[in-house]
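S.K.: Below: one structure in structure tokens.
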Amino acid sequence: MRAPLLLWAAATWLAVSAVAHPGRRGGGGGEQPLSRIAVESAVLAVDDAAHVRASPLVLGLKGESSEWVDVEFFHPDPSSDDWIGVFSPADFSAAICEPENPRQSPPVLCSAPIKYQFATFKNDGYNKTGKGYLKLQLINQRGDFSFALFSGGLLKPKLIAVSNKVAFANPKAPVYPRLAQGKSWNEMTVTWTSGYDITEAVPFVEWGEKGGRRFLAPAGTLTFDRNSMCGAPARTVGWRHPGYIHTSYLKDLWPDSRYTYRLGHRLMNGTRVWSKSYSFRASPYPGQDSLQRVVIFGDMGKAEADGSNEFNNFQPGSLNTTYQITSDIENIDMVVHIGDICYANGYLSQWDQFTAQIEPIASTVPYMVGSGNHERDWPGTGSFYGNLDSGGECGVPAQTVFYTPAENRAKFWYATDYGMFRFCVAHTEEDWRPGTEQYRFIERCLSSVDRQKQPWLVFLAHRVLGYSSCAYYESEGTFEEPMGREALQELWQKYKVDLAFYGHVHSYERTCPVYQSQCVVDASDHYSGPFQATTHVVVGGAGASLSEFAASKIQWSHFTDFDHGFVKLTAFNHSSLLFEYKKSRDGNVYDRFTISRDYRDVLACSVDNCPRTTLAS
Ligand SMILES: [Fe+2]
């Protein structure tokens, strides 16, 4: 296929690449691999003697949403920095690129590939023969696909040849369901992605108790356009239409009952398009005494199973974490991913890739997300931090692709209950200090829980508002996100928050029960009796490149691990909780502790949390 003829490298587009490389922050390693490609500098150098061929032409003939493609290519003038870019839609022409202003002329390549791989990958002889072969995994993400051979490396790409197109049999098919807790305990929400606009088909979920009567639940549909993005690359080379995001609310569920469901679209001619069937177990009644298991992590990101995009070791632990959680899914009831979700950083195709990666988890148990710097931050848009970490997304994809039971999904703080747990999820990309709307939410969330029914009270946030001895926070001299614990520690203590979890720092750390930077009791593998102080846990090592610890050990820091991993909480009953930290590489437990506590212990006083008493009798 011939690429379009016009090619411009307009000076204004250089601004695109300037913001496409967000600086490294305390969380470390947030650079999106696709941002390494100077898309705006590409030139046309089609060589008729070169070719790229992809097969099979039609994917997903048995309804699969993911399939491997064989890509065979030849370049008569090969070089070690030649690469193959995967484009979707297949026609990556100037026609689909809107200039930011009338004086701007778009270049030929106005959209980044959805992934790429070097031509020499597993092709040792390529530099001599010019012949290469790649096996690449594609997921159904609405458009068709083409594969383009470039020379000139990533910084001076020259388009040499473009393949035939390949496409999924139904590119619009409903895919990647993600469950989330609704606003009440007996409501489960199902969110999915399709290519069907509401003018074309009516979205719904067919569901019911396993083996029982089937119900149809309508779904709402959301999408967003390029103009909803706050800047480049999300508005420019990283833009890709997100498709249509549907959410259905399955209500009046029976506690712990097993339900099955499938996603449907009724086309205007009456035919119905179905997804495959999935199942989930409804949430327990709040306060219910039963086995309840919740997995918590941050900063997982995504990775490509075919090895593409991986040259800079972007999110090396991501697939391992996904695999470990998937293989233990029968023993997990809910997942909380506390921000830095997929690090799309303005390359919107990556949201599809991420929802495909977590499908085995998110289609089976509620997958609750928080928002981090890589979802939200953008200058001048109301984020607490004025950096470029979201790549111009300014929170829009995160709050649309995932449902959260937030009062206002743009603000991204919410409470959710699971049986004997209450989770208060904060949003560190907006101000949390006393006097703010978020502070009022946090206090309301912590104070409104009936601890006799829900003894396990958990606070979560993306950045480390509590304690971290990572090298970055040490160099800042704060050992936390500035203004974090100063603003919130009195609330944690007053309301006896058992555990506080954070991401952002890509490693694992557990403190002693700590208040005002002092261990109130020594760290232990078993706590019993009255609540003393909150244990703070950094669990941001689910996938992204690891963060170093400070050289010296800090007094409140009990256990650190420079590796990828996640936490699993198991509430056996109202008085017994097990905490386990597992490595993503093997799923084994490397740190653990238990809490034994009766209700009278929750009522008992310790430092700064005694309710007032009167001398009257
Ligand atoms: Fe982060």
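S.K.: Can you confirm whether region 369-390 contains a residue that is closer than 22 Å to P255 by Cα and outside any helix (DSSP H, G or I)?
M.R.: Within region 369-390, the first condition is being closer than 22 Å to P255 by Cα, and the residues that meet it are none.
No, the conditions are met nowhere in region 369-390.
S.K.: While we're on this one: When you go through (1) open to solvent by 10 Å² or more (accessible area, probe 1.4 Å); (2) more than 16 Å from the ligand (Cβ to nearest atom); (3) outside any helix (DSSP H, G or I) one by one for Q353, which number turns out not to apply?
M.R.: (3)
S.K.: Any idea which residue in region 449-472 is nearest to D561 (Cα to Cα), counting only those that are within 16 Å of the ligand (Cβ to nearest atom) and touching a helix residue (DSSP H, G or I) at 6+ places or on another chain (Cβ under 6 Å)? Can you show your working first?
M.R.: As a first pass, look at region 449-472 and keep what is within 16 Å of the ligand (Cβ to nearest atom): 460-466, 468, 470-472.
Of the ones still in play, those that are also touching a helix residue (DSSP H, G or I) at 6+ places or on another chain (Cβ under 6 Å) are 465-466.
Values: L465: 19, G466: 18 Å.
The qualifying residue nearest to D561 (Cα to Cα) is G466.
S.K.: Then there is this: Starting from region 367-396, keep only residues that are touching a residue at least 12 places away in the same chain (Cβ under 8 Å), then list their pairs with residues that are away from the ligand (no atom under 16 Å from the Cβ) and of a type in the set (D, E, K, R) whose Cβ atoms are within a distance under 8 Å, requiring at least 6 positions of separation or different chains.
M.R.: Filtered contacts from region 367-396: Y367/R178; F384/D431; G392/R235.
S.K.: Moving on. Condition check: in a loop (DSSP other than H, G, I, E, B), among the hydrophobic types (A, V, I, L, M, F, W, C) and in the same structural domain as G243 (by TED's automatic domain parsing). Does W192 satisfy that? Give the steps one after another, and end with the answer.
M.R.: On the way: in a loop (DSSP other than H, G, I, E, B): no; among the hydrophobic types (A, V, I, L, M, F, W, C): yes; in the same structural domain as G243 (by TED's automatic domain parsing): yes.
Judged against the criteria, W192 is not a match.
S.K.: If a residue has to be closer than 15 Å to F501 by Cβ and polar (S, T, N, Q) to count, how many in region 519-569 make the cut?
M.R.: Matching residues across region 519-569 total 2.
S.K.: Is it fair to say A571 is in a strand (DSSP E or B) and surrounded by 23 or more Cβ atoms within 10 Å (Cβ to Cβ)?
M.R.: On the way: in a strand (DSSP E or B): yes; surrounded by 23 or more Cβ atoms within 10 Å (Cβ to Cβ): yes.
Criteria met by A571.
S.K.: Let me ask you something else. State the number of residues belonging to region 126-153 that are in a loop (DSSP other than H, G, I, E, B) and either open to solvent by less than 10 Å² (accessible area, probe 1.4 Å) or at pLDDT 95 or above (or both). Outline the logic, then answer.
M.R.: Taking region 126-153 as the starting set, the residues that turn out to be in a loop (DSSP other than H, G, I, E, B) are 130, 140-144, 152-153.
Applying the additional criterion that residues be either open to solvent by less than 10 Å² (accessible area, probe 1.4 Å) or at pLDDT 95 or above (or both) yields 130, 140-142, 144, 152-153.
Number of matching residues: 7.
S.K.: As an exercise: evaluate F402 against (1) within 16 Å of the ligand (Cβ to nearest atom); (2) within 16 Å of the chain's Cα centre (by Cα); (3) of a type in the set (A, V, I, L, M, F, W, C) and give the number of the one condition it does not meet.
M.R.: (1)
S.K.: Out of everything in region 538-561 that is within 16 Å of the ligand (Cβ to nearest atom) and outside any loop (DSSP other than H, G, I, E, B), what residue ends up being farthest from N609 (Cα to Cα)? Spell out how you get there, then give the answer.
M.R.: Pass one, region 538-561, residues within 16 Å of the ligand (Cβ to nearest atom): 538-548.
Adding the requirement that they be outside any loop (DSSP other than H, G, I, E, B) leaves 538-539.
Details: V538: 24, V539: 27 Å.
The qualifying residue farthest from N609 (Cα to Cα) is V539.
S.K.: Give V520, V497 a once-over and let me know the one that is touching a Pro at 6+ places or on another chain (Cβ under 8 Å) and more than 16 Å from the ligand (Cβ to nearest atom).
M.R.: V520
The values are calculated or read from the model by the stated rules, or taken from the named source; none is laboratory data. Not measured: the values here are computed from a predicted model. Using ideal geometry, Cβ is built from the backbone for each residue, glycine included, and neighbour counts are taken over all protein chains shown. Only protein heavy atoms, including side chains, enter the accessible area calculation; ligands, DNA and RNA are left aside. Shrake-Rupley method; radii C 1.70, N 1.55, O 1.52, S 1.80 Å.
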